[in-house]
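J.: This is the structure I want to talk about, given as structure tokens.
Computed from the coordinates by the stated procedures, all read-outs in this text should not be read as laboratory data. Keep in mind the model is a prediction, meaning the values are calculated, not measured. Backbone-built Cβ (ideal geometry, glycine too); neighbour counts: all protein chains shown.
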Amino acid sequence: MNSNETSSEIISTRVIAFSPERVFGAFRDSRLLAQWWGPKGFKNTFHEFDFRPGGHWRFVMHGPDGTDYKNENVFGEIVEPGIIVVKHVSWPKFELAVTLAEEKGKTGITWRMRFESADDYAKVQAVCVEANQQNFDRLEAVLGAESSADSGTLFAPAPPAHS
């Protein structure tokens, strides 16, 4: 886990125990993405999700305190399974470039947020650094739960025998 910052950029990294294909799938599948996107305690309502270059992603993040945060994004470059670029066109304006790299059976995630304005960056950077790490935590939890659900039937109890 790591975060580096420049005057208008936040870089967060993490290595997680899932393949790049699985992690990419958690972005591509709006049902999964809605479960893990955002900081701890947040929920999402997706209104539009068109996962392709030029496609729109509009949603509301619902904070644990009841505050709603409207978000509007446009997808940029998408290269399966390693690159996802999202332009956040509502305030604060930034470009998120996500790269996924295979690392010994795991995935190294680099999350680069480049803000259009140094002033906007200054207003949100303290929250974003921790929020990015919470996003990674939630991503890992959703992928772990999905893995458990996929294998759960192997451990289901046998039905009672009838005579």
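J.: Can you give me the distance in nm between label points at residue 134 and residue 72, each placed 7 Å from the Cα along the Cα-to-Cβ direction?
T.: Once both label points are built, they end up 2.5 nm from each other.
J.: Using only Cα atoms, locate the centre of the range 70-87 and the centre of the range 1-60, then give the distance between them in Å, rounded to an integer.
T.: Taking the Cα centre of each part, the range 70-87 and the range 1-60 sit 9 Å apart.
J.: Near residue 64, within a Cβ-to-Cβ distance under 10 Å, what is the net charge of the other residues, with Lys and Arg +1 and Asp and Glu -1?
T.: +1
J.: With no solvent and one point per C-alpha, what does the Debye sum give as log10 I(q)/I(0) for the range 64-122 at q = 0.14, 0.15, 0.19 Å⁻¹?
T.: Once normalised to I(0) and log-transformed, intensities are -0.51, -0.57, -0.78.
J.: What lysines does residue 40 reach when the alpha-carbon gap must be under 19 Å and sequence neighbours fewer than 8 apart in one chain are set aside?
T.: The qualifying lysines are 70.
J.: For residue 94, enumerate residues with amide H under 5 Å from its amide H, sequence gap 5+ or separate chain, H modeled in the peptide plane.
T.: When sequence neighbours closer than 5 places are left aside, the close amide H contacts are 88, 116.
J.: Please give the contour-minus-distance gain from residue 47 to residue 122: 0.36 nm per residue of separation, less the Cα-Cα distance, rounded to one decimal in nm.
T.: Stretched fully, the residue 47-residue 122 segment lengthens by 24.1 nm.
J.: OK, next. With +1 on the Cβ of every Lys and Arg and -1 on the Cβ of every Asp and Glu, and nothing else charged, how large is the dipole of the chain about its Cα centre, in debye rounded to the nearest 20?
T.: Dipole magnitude for the chain comes out near 160 debye.
J.: Return the sequence-ordered ³J(HN,Hα) values of the range 113-127 in whole Hz as given by the Karplus equation 6.51 cos²θ - 1.76 cosθ + 1.60 applied to θ = phi - 60°, using x for Gly and Pro.
T.: 9, 10, 7, 5, 10, 5, 5, 4, 4, 4, 6, 10, 4, 4, 6
J.: Oh, and also: Give me D for the chain in µm² s⁻¹, whole number, from Stokes-Einstein with Rh from the Kirkwood sum over alpha-carbon pairs, 25 °C and 0.890 mPa s.
T.: 145 µm²/s
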